[in-house]
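Q: A single structure is presented below for examination.
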Amino acid sequence: MTHALALPARLFGRGPRVNLVRLQGMIAAQARGRLSDAEIAPVLERAFRAGKPKAVALLINSPGGSPVQSSLIAARIRRLADETGVPVHAFVEDAAASGGYWLATAADDIHADACSILGSIGVIFAGFGLNELIGRHGIERRVHTAGRSKSQLDPFRPENPEDVERLNRLLEQMHDAFIAQVRDRRGDKLATDAELFDGRFWLGQEAVRLGLADGLGHAVPVLKARYGDKVRLVPYTLKRPFLARFGMALTQDALAAAEERALWSRLGV
């Protein structure tokens, strides 16, 4: 199920202007057309400065992805908001989960649909162990390194407890950074529930109760209620790669699409 945004016909006129930016899909640096700081930067720069907007509205539909890219995009949104004095409103569609919620916290307020998914404030690392598989097929893996930890987490070797301990420390540090972002941006709005930062996610109404969102509502009616019936909603979009428009994405794009599908499936969407 998706929550589509129907933009009003009047994009031009004399009413107050609100610029819209869609933050859609998996957050990743390397995949073309995915949501990354480098890709979305020019869109955000225009949205905050073009036409002297009264506000910028973020239309968020993301299952998460790279914590670094999530941090970079959120920081850019806050920098532009501070530089221009333009308020930021976030509207969650299907999901603002994990890194997607990190993006939502960059807004001054967050609204969601009753069936939107919010939260998943945690960090995950997943892989496979293939050492027994190659052994059964008579394959010998030969690895030569300089640096005792250079081959850590090699999927073709038995798991090393020391490597796992080191990885868990890194994941905890990233989790702490995520928690700090949420606490800094949501502040006293947050409930004191112990499970808030354990990685689980909630639907819209419960997210409001927990302080992860400010209310239920969709972009058009909420913005019209705040800025008047004559508000002009002007979209600024991330262009898709040329080949992808014609269904001719390369192998890298197909793999990225599979990874994104896996992220969405964790949310049951």
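Residues checked against (1) modelled with pLDDT of 80 or more; (2) touching a Gly at 6+ places or on another chain (Cβ under 6 Å); (3) part of a helix (DSSP H, G or I); (4) within 21 Å of ARG22 (Cβ to Cβ):
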| residue | (1), (2), (3), (4) |
| --- | --- |
| ASN168 | yes, no, yes, no |
| ALA180 | yes, no, yes, no |
| VAL222 | yes, no, yes, yes |
| PRO235 | yes, no, no, yes |
| GLY268 | no, no, no, no |
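Q: Next up: Return yes when VAL68 is free of Cβ contacts under 8 Å to residues at least 40 places away in the same chain and not hydroxyl-bearing (Ser, Thr, Tyr) and no when it is not.
A: yes
Q: Given the criterion among the basic types (Lys, Arg), under 15 Å from the mean Cα position of the chain (by Cα) and either more than 18 Å from GLU93 (Cα to Cα) or modelled with pLDDT of 95 or more (or both), identify the matching residue among ARG10, ARG34, ARG22.
A: ARG22
To keep it simple, each residue is scored yes or no on (1) under 30 Å from ARG183 (Cα atoms); (2) part of a loop (DSSP other than H, G, I, E, B).
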site	(1), (2)
ALA90	yes, no
GLU93	yes, no
ALA106	yes, yes
HIS111	yes, no
ILE124	yes, yes
LEU133	no, no
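Q: If you don't mind, there's one more thing I want to ask. What number of residues within segment 171-216 are of a type in the set (Gly, Ala, Ser) and crowded, with 19+ Cβ neighbours inside 10 Å?
A: Going through segment 171-216 one residue at a time, the tally reaches 3.
Q: Can I ask one more? Within the set of pairs 6+ apart or on separate chains, which have a first residue in segment 137-166 that is β-branched (Val, Ile, Thr), a second that is surrounded by 14 or more Cβ atoms within 10 Å (Cβ to Cβ), and C-beta atoms under 7 Å apart?
A: Short answer, once both residue conditions are applied: VAL143/SER151; VAL143/ASP154; THR145/SER151.
Q: Okay, moving on. For segment 139-158, indicate whether the set of residues that are part of a loop (DSSP other than H, G, I, E, B) and touching a strand residue (DSSP E or B) at 6+ places or on another chain (Cβ under 6 Å) is non-empty.
A: Scanning segment 139-158, I find no residue that is part of a loop (DSSP other than H, G, I, E, B) and touching a strand residue (DSSP E or B) at 6+ places or on another chain (Cβ under 6 Å), so the answer is no.
Q: Filter segment 30-80 down to the residues that are outside any helix (DSSP H, G or I), among the hydrophobic types (A, V, I, L, M, F, W, C) and in contact with a strand residue (DSSP E or B) (Cβ under 9 Å, 6 or more places away or on another chain) and list them by number.
A: Correct list: LEU35, ALA50, ALA55, VAL56, ALA57, LEU58, LEU59, ILE60.
The values are calculated or read from the model by the stated rules, or taken from the named source; none is laboratory data. This structure is a prediction, so every number in the text was calculated from the model and none was measured. Positions of Cβ are generated from backbone atoms using ideal geometry, with glycine treated the same way; all protein chains shown enter the neighbour counts.
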